[in-house]
Amino acid sequence: MVEAPATLEASLHARKPVSVRVLTGSMAPTVLAGATVTARAGKPALGDVVLVRSPDGFTLHRLIARLGPRWVHAGDAPGSGAGLCRARDVLAVAELPRRVPGRRARALAILDALARSVRSRLRV
């Protein structure tokens, strides 16, 4: 999760960079909790660290796979949960190095994201 300014989406729509403060350690060791990251609107690619709109706010994660119109994203920290999001929920690309996780890590994260998605849809 990140702490973002209230004007985040308006700034990105105006093609202005935004700074967000990382609140959790899901992206460690790449980005530590408490760090500030700059993100810009742009076309995301596999391996990019991106700002994702989520029900709880905004999340900074790496894009690790594409499943049709959806992206699978996950933190770099071991054991970090994966998520599944629509392409329109990827708001910005962070100014961090691109890195594509290994095949095994991607497969496990995809399975995790799919399982979370199924579980969330089964809850009544």
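The values are calculated or read from the model by the stated rules, or taken from the named source; none is laboratory data. As the structure is a prediction and not an experimental result, all values here were calculated from the model. Cβ coordinates were reconstructed from backbone atoms using ideal geometry, including for glycine residues, and neighbour counts include every protein chain displayed.
Assorted remarks:
- The residues of region 69-114 that are of a type in the set (A, V, I, L, M) and in a strand (DSSP E or B), listed by number, are Val72, Ala74, Ala82, Leu84, Val90, Leu91, Ala92, Val93, Ala94.
- Conditions (1) under 22 Å from Ile110 (Cβ atoms); (2) modelled with pLDDT of 90 or more; number of the one not met by Pro55: (2)
- Of all residues in region 4-41, those satisfying the criterion of being surrounded by 16 or more Cβ atoms within 10 Å (Cβ to Cβ) and in contact with a Gly (Cβ under 6 Å, 6 or more places away or on another chain) are Ser26, Met27.
- Of the residues making up region 49-90, those that are within 21 Å of Pro5 (Cβ to Cβ) and acidic (Asp, Glu) are Asp56, Asp89.
- Number of positions in region 1-47 that are of a type in the set (S, T, N, Q), touching an Asp or Glu at 6+ places or on another chain (Cβ under 9 Å) and outside any loop (DSSP other than H, G, I, E, B): 1
- Of the residues making up region 19-53, those that are in contact (Cβ under 8 Å) with a residue 60 or more places away in the chain and either among the hydroxyl-bearing types (Ser, Thr, Tyr) or touching a helix residue (DSSP H, G or I) at 6+ places or on another chain (Cβ under 6 Å) (or both) number 1.
- First in region 1-15 and among the charged types (D, E, K, R), second anywhere and surrounded by 11 or more Cβ atoms within 10 Å (Cβ to Cβ), Cβ under 7 Å, 6 or more apart: Glu3/Val20; Glu3/Arg21; Glu3/Leu23; Glu9/Leu91; Arg15/Ala41
- Those residues of region 80-107 which are over 21 Å from Val22 (Cβ atoms) and either hydroxyl-bearing (Ser, Thr, Tyr) or without any contact (Cβ under 8 Å) to a residue 12 or more places away in the chain (or both), in sequence order: Arg88, Gly102, Arg103, Arg104, Ala107
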